[in-house]
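Let me begin by presenting the structure, written as structure tokens, before commenting on it.
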Amino acid sequence: MERTLSIIKPDGVGRCLIGEVIKRLESSNIKIIAMKMLKMTKKQAQGFYTVHKERPFFDSLTDFMSSGPVVVMVLEAENVISKYRDLMGATNYKEAEKGTIRRNFATDIEKNVVHGSDSQESASFEINYFFNSFEIV
Ligand code: CMP
């Protein structure tokens with residue numbers, strides 16, 4: 001069993017897509033083993049996306065991610081990192097496969113509705129960023 005971190009971003013929450021994303025997870029046999037809604041500060045968003053701190057989109061991304069509530073979840077399934085990334089589709093929604101969350105709902109490369117960890121190493125950092133062991137059931 002593998003774990004990953006999912007975020008429904010401020011655009012997804014604001015556009016009432018929480019249920020849509022969760023429905024897709026559950027119908028793909030991905031288990032939600034922790035979940036909460038929160039609003040990040042700019043500093044918390046910068047800490048979360050620290051791997052991107054040299055990228056030109058870092059300031060805009062962290063403004064966006066701290067602009068409204070997000071839903072963070074820990075997901076568990078076999079190969080869930082790639083399984084969830086397949087459900088999300090490519091970062092750039094224009095390149096995402098048909099039927100994926102981003103292809104169906106993203107409006108912009110930044111406002112792409114969801115985030116998912118890209119490796120076991122980042123999943124471990126990202127899960128620990130938001131959850132302690134008592135919150136993962
Ligand atoms: P996410 O999977 O959360 O990881 C980094 C985020 O940066 C990405 O989704 C997008 O929301 C955002 N982003 C904005 N511009 C770019 C870009 N040019 N390339 C990659 N990610 C970008």
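The values are calculated or read from the model by the stated rules, or taken from the named source; none is laboratory data. The shown structure was predicted, so the numbers you read here are calculated from the model rather than taken from an experiment. Methodologically, a virtual Cβ is constructed for each residue, glycine included, from the backbone with ideal geometry; neighbour enumeration extends over all protein chains shown. We work out accessible area using only protein heavy atoms, side chains counted, and drop any ligands, DNA or RNA first. Shrake-Rupley method; radii C 1.70, N 1.55, O 1.52, S 1.80 Å.
Exactly one of (1) within 30 Å of Phe134 (Cβ to Cβ); (2) within 12 Å of the ligand (Cβ to nearest atom); (3) in contact with a Ser or Thr (Cβ under 9 Å, 6 or more places away or on another chain) is unmet by Ala90. Its number? In the conditions (1) within 30 Å of Phe134 (Cβ to Cβ); (2) within 12 Å of the ligand (Cβ to nearest atom); (3) in contact with a Ser or Thr (Cβ under 9 Å, 6 or more places away or on another chain), Ala90 misses (1) alone.
Being modelled with pLDDT of 95 or more, part of a loop (DSSP other than H, G, I, E, B) and either surrounded by fewer than 12 Cβ atoms within 10 Å (Cβ to Cβ) or more than 12 Å from the ligand (Cβ to nearest atom) (or both) holds for only one residue in Met73, Met35, Met40, and it is Met40. Being acidic (Asp, Glu) and within 15 Å of Asn104 (Cβ to Cβ) is the filter; apply it to the range 1-32 and report the residue that is surrounded by the fewest Cβ atoms within 10 Å (Cβ to Cβ). Among those residues, the one meeting the criterion is Glu20.
Criterion applied to Lys98, Lys111 was being in contact (Cβ under 8 Å) with a residue 60 or more places away in the chain and not in a helix (DSSP H, G or I), and the one residue passing it is Lys111. Selection of the range 43-62 for residues being within 11 Å of the ligand (Cβ to nearest atom), of a type outside the set (Phe, Trp, Tyr) and either open to solvent by 20 Å² or more (accessible area, probe 1.4 Å) or in contact (Cβ under 8 Å) with a residue 40 or more places away in the chain (or both) yields Val51, His52, Arg55, Pro56, Asp59, Ser60, Leu61.
Residue-level analysis places Ala90 among those that are open to solvent by less than 50 Å² (accessible area, probe 1.4 Å), under 24 Å from Gly19 (Cα atoms) and either touching a His at 6+ places or on another chain (Cβ under 6 Å) or part of a loop (DSSP other than H, G, I, E, B) (or both). Per this entry, Glu110 is not counted among residues that are closer than 22 Å to Asn128 by Cα and not hydroxyl-bearing (Ser, Thr, Tyr). Determine, yes or no, whether Leu61 is closer than 23 Å to Arg24 by Cα and assigned to a helix (DSSP H, G or I). Against the criterion (closer than 23 Å to Arg24 by Cα and assigned to a helix (DSSP H, G or I)), Leu61 does not qualify. Working only within the range 93-118, note down all residues that are more than 10 Å from the ligand (Cβ to nearest atom) and open to solvent by less than 40 Å² (accessible area, probe 1.4 Å). Within the range 93-118, Ala96, Thr100, Ile101 meet the criteria.
Would you confirm, using the coordinates I've provided, whether Phe134 is aromatic (Phe, Trp, Tyr), over 15 Å from Ile32 (Cα atoms), assigned to a helix (DSSP H, G or I) and away from the ligand (no atom under 13 Å from the Cβ)?
Spelling it out, it is not the case that Phe134 is aromatic (Phe, Trp, Tyr), over 15 Å from Ile32 (Cα atoms), assigned to a helix (DSSP H, G or I) and away from the ligand (no atom under 13 Å from the Cβ).
May I ask you to list the residues in the range 76-85 that are away from the ligand (no atom under 15 Å from the Cβ) and either within 15 Å of the chain's Cα centre (by Cα) or part of a helix (DSSP H, G or I) (or both)?
Selection gives Glu76, Val80, Lys83.
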